[in-house]
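Scroll down for the structure; my scribbles are underneath it.
No value in this document is a laboratory result; all are computed from the given coordinates. The shown structure was predicted, so the numbers you read here are calculated from the model rather than taken from an experiment. Because the Cβ atoms are built from the backbone with ideal geometry, glycine has one as well, and the counts that use them run over all protein chains shown.
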Amino acid sequence: MQGTVVVINSSKGSVVASSAKLATTYGERRRGLLGRTSLEEGEGLVIRPCKGVHSFGMKFPIDVAYVSKDGEILHTISPLHPNRIGPLILKAAWVLELPQGALCRTGTCPGDILTICACEA
């Protein structure tokens, strides 16, 4: 995986993920969270580009935010259980995968704007 980034909810002025990995190559996007047994609080995975996700082979549920090229959250799933298929969101440019419940805990919802920062929060 490439570097670690911070994902900020610019609409709410809060940190959604303080330590998110970037998955931007074909192999990284394909592998996603496979092989992981959990995501810790503050962790996440930014999959770019991405219009849809699945959780086949995963061992734990996750929250998912589908995000437009402008950073607007178009759709959320909380949670996406293992061995499921999320919807295809054609206007999505990227997806943020988070620990189950993270969207609720951070008050993050459709319409909010997310910003990816290469800096520490």
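Set side by side, the residues 7, 15 differ, and just one is in contact with a Cys (Cβ under 9 Å, 6 or more places away or on another chain), in a strand (DSSP E or B) and either free of Cβ contacts under 8 Å to residues at least 40 places away in the same chain or on the phi < 0 side of the Ramachandran plot (or both), which is 7. Within segment 54-70, being over 12 Å from the mean Cα position of the chain (by Cα) and not hydroxyl-bearing (Ser, Thr, Tyr) holds for 54, 56, 57, 58, 59, 60, 61, 69, 70. Do the conditions hold for residue 89, that is, is it over 21 Å from residue 3 (Cβ atoms) and either in contact with a strand residue (DSSP E or B) (Cβ under 7 Å, 6 or more places away or on another chain) or of a type outside the set (A, V, I, L, M) (or both)? For residue 89, the condition - over 21 Å from residue 3 (Cβ atoms) and either in contact with a strand residue (DSSP E or B) (Cβ under 7 Å, 6 or more places away or on another chain) or of a type outside the set (A, V, I, L, M) (or both) - is met. If the condition is being surrounded by 22 or more Cβ atoms within 10 Å (Cβ to Cβ) and either in contact with a Phe, Trp or Tyr (Cβ under 7 Å, 6 or more places away or on another chain) or β-branched (Val, Ile, Thr) (or both), then segment 30-46 contributes only 46.
Filtering 74, 45, 80, 90 for residues that are touching a Lys or Arg at 6+ places or on another chain (Cβ under 9 Å) and more than 20 Å from residue 116 (Cβ to Cβ) leaves a single hit, 90.
Select from segment 55-105 the residues that are farther than 22 Å from residue 14 by Cβ and polar (S, T, N, Q) and list them in ascending order. Within segment 55-105, 55, 83 meet the criteria. Scanning segment 1-25 for residues that are of a type in the set (S, T, N, Q) and under 14 Å from the mean Cα position of the chain (by Cα) yields 4, 9, 18, 19, 24. Among the residues of segment 63-116, those that are touching a His at 6+ places or on another chain (Cβ under 9 Å), within 20 Å of residue 34 (Cα to Cα) and aliphatic (A, V, I, L, M) comprise 64, 65, 80, 85. Could you say whether any residue in segment 26-44 is closer than 20 Å to residue 12 by Cα, within 14 Å of the chain's Cα centre (by Cα) and not in a loop (DSSP other than H, G, I, E, B)? Yes, segment 26-44 contains a residue that is closer than 20 Å to residue 12 by Cα, within 14 Å of the chain's Cα centre (by Cα) and not in a loop (DSSP other than H, G, I, E, B).
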